[in-house]
Structure formats: structure tokens, C-alpha cells
Amino acid sequence: MGLTRGTRMLGSDAILRSLELEGVDVAFGIPGGAILPTYDAIARGTSVRHVLARHEQGAGHMAEGYARASGKVGVAIATSGPGATNLVTPIADAWMDSTPLVCITGQVRSSLIGTDAFQEIDATGITMPIVKHSWLVQDVEELPGVLRAAFHVARTGRQGPVLVDVAKDVQEAEFDFAYPDDVDLPGWKPPHKVHARQIREAALAIAASERPIIYAGGGVLNADACVELRALVDSAKLPAVVTLMGKGCLPDSHPLNYGAPGMHGSKFANWALNKADLVIAVGSRFDDRVTGKLSAFAPGAKVIHFDIDAAEVGKIRHAEIPVVGPLKLALAQLAEEVRAVAADGSATRDPWLRQLEDWRARFPFRYAKADGQLKPQTAVEALRDLAGDRDDIIWTTGVGQHQMWAMQYLVCDRPRSFITSGGLGTMGYGLPAAIGAKAARPDATVVCIDGDGCFQMTCQELATAALERLPIVAVVLNNGWLGMVRQWQEMFYDERFAQTHLTHAVPDYAQLAEAYGCAGFTVENEEQLEDALSAAFNAGRSAVVDVRCDPEEKVFPMVPAGAAAIDVMEAPEEEVRA
Amino acid sequence: MSAHTISVRLENKPGALARVSQLFSRRGYNIQSLAVGPTEHADISRLTLRVDCNEHSLEQIEKQMHKLVNVLRVTELRPEEAVERELALFTVSVSTDKRAELVALSQVAGARVADVGRDAITFEFVGRPDEVEAFEELVRPYGVRELVRTGRVGLRRPSAGGRTTTPSVQV
């Protein structure tokens, strides 16, 4: 690959050559003492574009946004000590959401390791529970093999983060660089095929079921199995619900897509799972935010569970038919097998499909508009309509109410067009993830829908967006509160609003945007909304739209305003029975 | 809940043992004993873990351990199919007049005298874990001053048939 074997070079240069050979085109990071030699290698020249973040957490989330937008491994680089600890949150986020990430951290010199040296921290130790694997490199000869293995582990099997901690003297050492063709990992054997018998069992169960529902999650996106999922849905006429993490794996506008189930999912999606006689879980993991009370989740259903990770199958919910293996292969084989089995006749499921349609028609997402108050849902709807005619749009979000409204109201018809923090629920994820997504897909329109609480956690990355010429639009649904926490305080803590009021006015987001070299807009009512959003989309640089919305608006799935949101999990049993 | 013995073949790499043990604490499983040492291959260690958990947790433990990059193989050692042994050292207080009696008793029980002091004897005992416990009961009346156990180690019995290294989880 353009490098003769045994090229004499420094460890630091070897890191860059390895990234190049792995096909990395962008890396995100911040230099510091223990990683300085590697940044010197960047200065000497590389085809890897380095995006300079303002905080290592930002760099990590950018790498995640890059990975989720591109399907490639994201790379974040930081120094030892605080550089490494600042990466812990993005690593944990990537761990929970199975985002492939290689984090490279500098470490103090080998001779100083273990002495509590300046900026020394046990990076591999601190991250051990939240990485697939990690390496501390103290011998430059091991460096190429470790990097080769790191990328391999990050991207194969269930994807996720790895950490490579490189002692400073290793970066400075000279050696004969040769990048290995193969990895030497005898203990790493992710499944690469599926059992034909299990596929057959699954197809028979599908044919026999009267009320099947596919429950698709983020694993479908990671497995690049969206085409196969859609083919299965179309050919077998199987209805599906799609989780927050899976949004976009099946077009939202597909007639058989019933959207997100869960705590703030629709009533019809939750009811579909609840009344099903067969749940076909595909790359989803029965997260508590989806299932609610586990004993009441899909009580009458048999479960088929497709997953690349054997440990997820049967972890939360027993699977009558476990299918461990790559989803792309499994779903393609399943569609074929379902066709073969269906030739012998299938149970009729027209009444079920009619039932789902009836629920969808009766219980759409809705909210009450009020005079003089701009509802956050209105802003999301305006964004959805504005984006409607754009081919390549990527949404990112933070975590909280705005995230749930984005999930409910945005229409995502393409894979990798909705990027969010699901498992860890990392406030502050949205803005840096948007910057990373823009770096991955420069032609895309990248819009971060954020909350004011989230935005303030990582808003210094506006400098990165401005100076690295990675223009994104951040729409802050500014209700002046930590909205989701406020909602819980209102509903479950007798309206004691302890420490959740942030105010609409401080900071002035439009001025803050201008201070960072971005365009700033303030929207105080519905009339100003469309113009401001249009202007932001067409600003030609990064823009922030401060949308001042109703501070008291709560997230509800289907229940009328004022009822407890969690009641939706209870509703199906009662009302379906009635 | 019941006790299970799990045998793990592990790459002999820095941090490998820490990864296994942190997985147990992270997922809330309690390790009763853990013994680790080299195997017939210089670059492979074998861990014998004793855990108290239900069948569902055991399956989770095995599956989660399989995901660790340094873990080569995870096998449950079922009691009827495994040879299990443990070594224990006991320092027992004993007065001069009772010394002969204690030594005679220990020899009957199959222990060896490892060291003799003025008012105490250290015994070494190797056997099945239940035999170790029986020996402890035997010498307890004399006064056990200090006690250390290696934790059990185990191998599948060749006489149990089948491959001696059959993985319990297919991945």
C-alpha cells in the first residue's frame, strides 16, 4: 500500500502511517505534552485531516458523529491525564451505542509509568469497563500490530470503542515500520455466519404468527443491513417498530414502519409490541427505555432475537429462537426462507395490519398549540418541512425533551441521517456530533436539534465548526430549563423545581454564536420561525438559532396533556383488553 | 443460586486478569475464589473461577467473558466431570504436650507438616475443597492461628469422555 516493508521512521510517524493505511481521512483531537511527538508527525505531513477541538469530550463526540454518519471508524486523539479522562464520556457513549471508535492517547514515558508523574493517569485502567479492548504500548515494535488490531476490534463483531495508550518515548523511538496484513488475536472470533436451522425456525415462526412485529434497533445501521431489512418487510409484509437508535434504518415514511416504541414512543408502536404474538428483535437489546416494566412487555409474544452479540440474546428477555450472527447475512437468508415457507401457506395477518393502521389513525402524535407560546414541537415540524426537499440531511440531537420531540416528529428516510446519544444519554453530544458528521459528509446539511441545557455543555465547539469550516446549524429549543428533569419534577416531585431553571436569556445564544464567528438568530414567536430557520440553513457558515419556547411543555407520546407520560406503558393492557 | 466452577483459558497478556475480574464486579457477580497460573503453553494462563449465581447469570458470565479479546475459551466444569483440587496452609497453635497427637491426627487426614515452631505447626493440605474444609474442622479445636487457601483449580476428567476442552458457549 505504497509503503515498503521496513521503512525506517519514528513511532509518531508510524501512528499516522497506520491511520492512513486504515483509510482514516479525518481525526479529531487536541495536543498536549504526552502526545506532542505525534502532533509533530502531523506537522511533518499526513493525508489525515486533523480537526482541532476545544475540549477532548468534543473531539470524542465528533469522532462518534463521524463514525455514525460515515459507517467508518471514528478516531480521537488526546494527551495523557486530563486529556484521557476528558475522553471517558465519549468512550462510554460509544460503548453504550456500539459506535466504532479508536481513541489514541499519549502516555507519560515508560520510565515514569507508575510514579504518579505529571499528567499521568492509568488510561487503560480507567476505561477498562467501557472499551472492547485497550492497549498500553511501551515498545515501538508493537505499535503497528496494536493499531492494526485496534481498528479490527473496533469495527468487527458488535462495534464499539477501543483505546490505544502510547508512551511518549515510544512515539519518539525509531524503528523499521511494517504494517501487518493480518491481526494476531486468537481470542477475538466474532460470528461471521448464522445457523441455517435457526433461520428456518424463525421463518416457520413468522409464517405461523398472526400478529408479528419487527423490533429493529441501531444494530441494523451498524450492520449495514437496511436494504435487507426493507426487503424482508416488503416481501413478507411484516410491520416494524424502530427504536431511537435505529431511526432511519427503515424509512420513516414506509407504510409498515410504526416508528419508535418506548417511554416516549407512540401509543401505536407500544401497543403493537404489547399485542404481538411474535416479536422479531433485530439489532435491538430490550433496553429498559423501550420495554418499561419487563414483565408487562409483549406478554403474549414469542421472541426471535437476531444479534451479532451472543451476550445480548436472552440477557433481558428470553428468546425462543436466538439467531446470533451478522444481520446483513441473517436478514437476507431470512427473507429467502420466509418466501420458501410462505409457499406452503401462512397465517392470515390482514386483521393485525388493519388493527395497527386503526391505532395509528386514532393516536397520532399531537400537542396543543397555545396563544403567545411557541411550542417546541412546532419548531421541529418546521425543521422537518424545511428539510423535506433536501436529499442529504443529517440530524443530531442532545439528550432530553428536544431529543424525544426530534424522534417523534422528524421524518428520516435514509440510514445514518439521525445521530443521537441513546444508551448513555450524554447531554452535550449533539453539537460536536454534528461537526463530526459534517466532516464525514461535507455535502450534507447537518442540523443539530439541541436543548439549552445540552448546548451549554459543549458549545465551545462552535469555534471548531467556525474555524475548521465545518458549517452546521444548531437549533436550540430554548425553554430556559433542564426540561426533561423539570418534567419529572412537575409530575413526580410535586412541582419542586430544584435547580433546573437555567433562564431563557443567559446566555444570549445569538450573541454567543456571533462571538464564535457563527451566525446567530433569535426566534421569539411562530411568525419568526420559518424565516430564521431558512436564514440559518443558508447562512453559508455555522449558525445558531435560539428558539425560545414554552417552558412548561412536556413530552407526551399519545396521552392527553396533563396525564403521566409513563402511563402510556400501562395503557395498552387496559385499553386493548377493553 | 448455586455454585459453579468456570475454567478460562486466557492469553498471558498485561491486564488480562484485570479485565476478567473487573467484568465480574462490573456486572455484579461475586467471585468466591479465583486461581490463576500458567498452562502447558507459556503464553496461555488458566483461570479457575468459583462463582455463586443462577443459571441465567452463569450464561451471561460465560457470554460476556467470551467477548473479552484476551479470553480464548470459557468452560463450565461440572462437578461430576471435573477433577478439582485446592491447596491450603494452616498454622495451628499447639502446646508441647498436644503436639504428637496433632501430628498423628493430621497424618491420618492426609496433611503434611510444612513447618514446626515452638507453639505452632504449619500444615499443608491438598485435596478436594470439601476435604480442605473437613481438615479445617478437624484442627479447629486446637486453634487455627492463620489459614490461606489457593482457591480451587480444576480440569475436565479425561474419563468423562468427549473433548477435554469443549467450550460451553458456541460463538
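The values are calculated or read from the model by the stated rules, or taken from the named source; none is laboratory data. Because the structure is a prediction, the values reported are computed rather than measured. In this analysis, Cβ positions are derived from the backbone assuming ideal geometry, glycine residues included, and neighbour counts consider all displayed protein chains.
Values as computed for the structure displayed
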{"quantity": "Selected residue (only one of B:T75, B:T122 is touching a residue at least 12 places away in the same chain (Cβ under 8 Å) and either among the aromatic types (F, W, Y) or more than 24 Å from B:A3 (Cβ to Cβ) (or both))", "calculated": "B:T122"}
{"quantity": "Filter pass, B:L10 being in the same structural domain as B:L147 (by TED's automatic domain parsing) and either closer than 28 Å to B:V144 by Cα or in a strand (DSSP E or B) (or both)", "calculated": "no"}
{"quantity": "Helices (runs of 4 or more DSSP H) completely within segment A:93-177 that count 2 or more residues being more than 13 Å from chain B (Cβ to nearest Cβ), touching a helix residue (DSSP H, G or I) at 6+ places or on another chain (Cβ under 6 Å) and within 16 Å of A:E22 (Cα to Cα)", "calculated": "A:143-155"}
{"quantity": "Single unsatisfied condition, A:V233 versus (1) within 21 Å of A:P351 (Cα to Cα); (2) buried (at least 24 other Cβ atoms within 10 Å of the Cβ); (3) of a type in the set (V, I, T)", "calculated": "(2)"}
{"quantity": "Some residue of segment A:121-138 being out of contact with any strand residue (DSSP E or B) (no Cβ under 6 Å at 6 or more places or on another chain) and small (G, A, S)", "calculated": "yes"}
{"quantity": "Any hit, segment A:394-407, residues being out of contact with any strand residue (DSSP E or B) (no Cβ under 9 Å at 6 or more places or on another chain) and not aliphatic (A, V, I, L, M)", "calculated": "no"}
{"quantity": "Residues that are part of a helix (DSSP H, G or I) and either under 19 Å from the mean Cα position of the chain (by Cα) or at pLDDT below 95 (or both), drawn from segment A:216-228", "calculated": "A:G218, A:G219, A:V220, A:L221, A:N222, A:C226"}
{"quantity": "Matching residues, segment A:304-333, being touching a strand residue (DSSP E or B) at 6+ places or on another chain (Cβ under 8 Å), closer than 21 Å to A:L221 by Cβ and away from chain B (no Cβ under 14 Å)", "calculated": "A:I304, A:F306, A:L327, A:A330, A:L331"}
{"quantity": "Any hit, segment A:182-190, residues being within 14 Å of chain B (Cβ to nearest Cβ), more than 25 Å from A:V341 (Cα to Cα) and among the basic types (K, R)", "calculated": "yes"}
{"quantity": "Residue that is surrounded by the fewest Cβ atoms within 10 Å (Cβ to Cβ), among those in segment A:236-274 that are farther than 20 Å from A:I419 by Cα and charged (D, E, K, R)", "calculated": "A:K237"}
{"quantity": "Residue match in segment A:173-186 (condition: closer than 28 Å to A:T85 by Cβ and not assigned by TED's automatic domain parsing to the domain that holds A:W271)", "calculated": "yes"}
{"quantity": "Verdict on A:V282 being surrounded by 24 or more Cβ atoms within 10 Å (Cβ to Cβ) and within 14 Å of chain B (Cβ to nearest Cβ)", "calculated": "no"}
{"quantity": "Residue match in segment B:131-149 (condition: out of contact with any Pro (no Cβ under 7 Å at 6 or more places or on another chain) and under 29 Å from B:G15 (Cβ atoms))", "calculated": "yes"}
{"quantity": "Considering residues of segment B:1-35 that are over 19 Å from A:V131 (Cα atoms), β-branched (V, I, T) and in contact (Cβ under 8 Å) with a residue 24 or more places away in the chain only, the residue surrounded by the most Cβ atoms within 10 Å (Cβ to Cβ)", "calculated": "B:V8"}
{"quantity": "Conditions (1) more than 10 Å from every other protein chain (Cβ to nearest Cβ); (2) surrounded by 15 or more Cβ atoms within 10 Å (Cβ to Cβ); (3) more than 30 Å from B:V144 (Cα to Cα); number of the one not met by B:A88", "calculated": "(3)"}
{"quantity": "Residue among A:A319, A:A311 that alone is within 27 Å of A:R349 (Cα to Cα), at pLDDT 95 or above and not basic (K, R)", "calculated": "A:A319"}
{"quantity": "Odd one out for B:T5 among (1) within 26 Å of A:D184 (Cβ to Cβ); (2) more than 14 Å from every other protein chain (Cβ to nearest Cβ)", "calculated": "(1)"}
{"quantity": "Restricting segment B:44-61 to residues that are at pLDDT 95 or above and either within 14 Å of another protein chain (Cβ to nearest Cβ) or more than 16 Å from the chain's Cα centre (by Cα) (or both), the residue that is surrounded by the most Cβ atoms within 10 Å (Cβ to Cβ)", "calculated": "B:L47"}
{"quantity": "Test: residue in segment A:301-313 that is without any contact (Cβ under 8 Å) to a residue 24 or more places away in the chain, surrounded by fewer than 20 Cβ atoms within 10 Å (Cβ to Cβ) and closer than 25 Å to B:L58 by Cα", "calculated": "no"}
{"quantity": "Unique residue being on the phi < 0 side of the Ramachandran plot, touching a helix residue (DSSP H, G or I) at 6+ places or on another chain (Cβ under 9 Å) and not assigned by TED's automatic domain parsing to the domain that holds A:E490 when the list is A:V544, A:V523, A:V555", "calculated": "A:V555"}
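Each row is one residue, and each column tells you yes or no for (1) crowded, with 24+ Cβ neighbours inside 10 Å; (2) touching a residue at least 40 places away in the same chain (Cβ under 8 Å); (3) farther than 30 Å from A:R285 by Cβ.
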| site | (1), (2), (3) |
| --- | --- |
| A:T115 | no, no, yes |
| A:Q119 | no, yes, yes |
| A:E174 | no, yes, yes |
| A:A208 | no, yes, no |
